Amino acid sequence: MTTALQYNDISEIVEADRAHLWHHLIQHKQFETVDPRVMVEGKGIRIWDAKGKEYIDAVSGGVWTVNVGYGRESIAKAVYDQLVKMNYFANSAGSIPGSIFAKMLIEKMPGMSRVYYTNSGSEANEKAFKMIRQIAHKRYGGRKHKILFRDRDYHGGTLATMSAGGQDERVMQYGPLAPGFVRVPHCLEYRKHEQDGAPAENYGEWAADQIEKVILAEGPDTVGALCLEPVTAGGGVITPPEGYWERVREICRKYDLLLHIDEVVCGVGRTGTWFGYQHYGIKPDFVTMAKGVASGYAAIACCVTTEAVFEMFKDDAADPMNYFRDISTFGGCTAGPAAAIENMRIIEDEGLLANTVRMGERTMANLRALMDKHRVVGDVRGKGLFCGAELVVDRQTREPVDEKKVQAVVADCTAQGVIIGASNRSIPGRNNVLCLSPALIATADDIDAITGAIDKALTKVFS
Ligand SMILES: Cc1ncc(COP(=O)(O)O)c(C=O)c1O
């Protein structure tokens, strides 16, 4: 077998995969009888697998990442030029792309000030958690250390982020988890009938009030921060109900909570604004981001803070413990910010935020049409090019369809050459939401092809 990236026989690649690769989030027994999927090429919104089959990728690399689409030579070139000049030095020193991207990023985030580089969404969230804990020690003798997270939200696969994990199927069997993380109820209005005491009206305010109840039960002097996704992603594409964020803001002020917004999915254009929180007039203390920051052309994640947070870590320089004593080795890689600079330029020059709004509206209109046609579509939700359709057996009871059927819809779309997503090993009995997050370059024809495939798949699976 050749060691170069060029190869003559794809079957060697597939066999090496079968023999030695441990894929993410997949039960491998199936690969004893079927070939693992190997993706070999991408251009724009399309990708090709090892068998030469072409797909429209309606999930931007499977997990809402490749925001500017595949095959961007200008990003590859920017990364190449940077790597041959200076590939790495620990981030205790700066770098040219690191500084430039930090400035560009902060210009898109009024009120925010400092960028801490790291390599994954989980790690960015861990950095925020550590900063929150250290602030609790500095200001409150460690007492106000608890971090609230929300049912159905996801913040990563490391032990601390799983401890802040609102998706039980991602957490089961991996305990014991880290202490000091406390769950608050979700804000999915479509499932409010499953929440005790949820009102017919003003649900958003009520859902936020449930956070206050948890704070009071825990003791406000023990709760330091609230960590939320602006729009919940893998937990079922949950757009916040009206009145929710206004009340959340009040609660954070009232109880002196730091607000940590996890923009790992929503960040850098996905919802049609640079950041998801910017739809809701929120003033976060921490914003974490990863996937779309460099569209997967290089690994990069950021934990962004306000200047007020940053100041807390330098107020007493005489104390040798009084700064953020943390490092992320690959947070010093320069490929990430080099790719991110070019990624951001592309989004601006090609008007991709505006396209995301337009194509998001088209996606939602098409999904509503599917809802009119297929009784199994109980609810559709979305913001920008981040949309979902919840499948139910019965619109009255809202009983979720069996997740095998949800997977059958995904499989049928794949067979048609369209890769869509679905909530997966997330909420027990509630993995029933189809997910769409195509690249921000999607055209009207792409969107129609994606929803057209879903239409056919729903007809086939449920007729
Ligand atoms: C909202 C959210 N936060 C954090 C993460 C974790 O990011 P990573 O897989 O890069 O660690 C994810 C991953 O899907 C996510 O969806």
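The values are calculated or read from the model by the stated rules, or taken from the named source; none is laboratory data. Computed from a predicted structure; not experimentally measured. Please note: Cβ atoms are built from the backbone with ideal geometry, for glycine as well, and neighbour counts cover all protein chains shown.
Structure data summary
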{"quantity": "From the options Val79, Val84, Val66, residue that is within 16 Å of the ligand (Cβ to nearest atom) and either modelled with pLDDT under 95 or of a type in the set (Val, Ile, Thr) (or both)", "calculated": "Val66"}
{"quantity": "The stretch 268-294 residues that are in contact (Cβ under 8 Å) with a residue 40 or more places away in the chain, paired with ones that are within 13 Å of the ligand (Cβ to nearest atom) and of a type in the set (Lys, Arg) (beta carbon under 6 Å, 6 or more apart)", "calculated": "Gly292/Arg270"}
{"quantity": "Failed criterion for Gly142 (all others in (1) part of a loop (DSSP other than H, G, I, E, B); (2) under 18 Å from Cys227 (Cα atoms); (3) in contact with a helix residue (DSSP H, G or I) (Cβ under 6 Å, 6 or more places away or on another chain) hold)", "calculated": "(2)"}
{"quantity": "Some residue of the stretch 219-237 being among the hydrophobic types (A, V, I, L, M, F, W, C), part of a helix (DSSP H, G or I) and at pLDDT 95 or above", "calculated": "no"}
{"quantity": "Scan of the stretch 383-395 for residues that are in contact (Cβ under 8 Å) with a residue 40 or more places away in the chain and surrounded by fewer than 22 Cβ atoms within 10 Å (Cβ to Cβ), ordered by number", "calculated": "Val392"}
{"quantity": "Residues of the stretch 15-50 that turn out to be in a helix (DSSP H, G or I) and over 30 Å from Ala442 (Cβ atoms), as a count", "calculated": "10"}
{"quantity": "Lys103 vs. criteria away from the ligand (no atom under 16 Å from the Cβ) and under 27 Å from Gln210 (Cβ atoms)", "calculated": "no"}
{"quantity": "Residue tally, condition touching a residue at least 40 places away in the same chain (Cβ under 8 Å) and either acidic (Asp, Glu) or in contact with a Cys (Cβ under 6 Å, 6 or more places away or on another chain) (or both), over the stretch 118-145", "calculated": "4"}
{"quantity": "Residue within the stretch 100-114 that is polar (S, T, N, Q) and under 25 Å from the mean Cα position of the chain (by Cα) present", "calculated": "yes"}
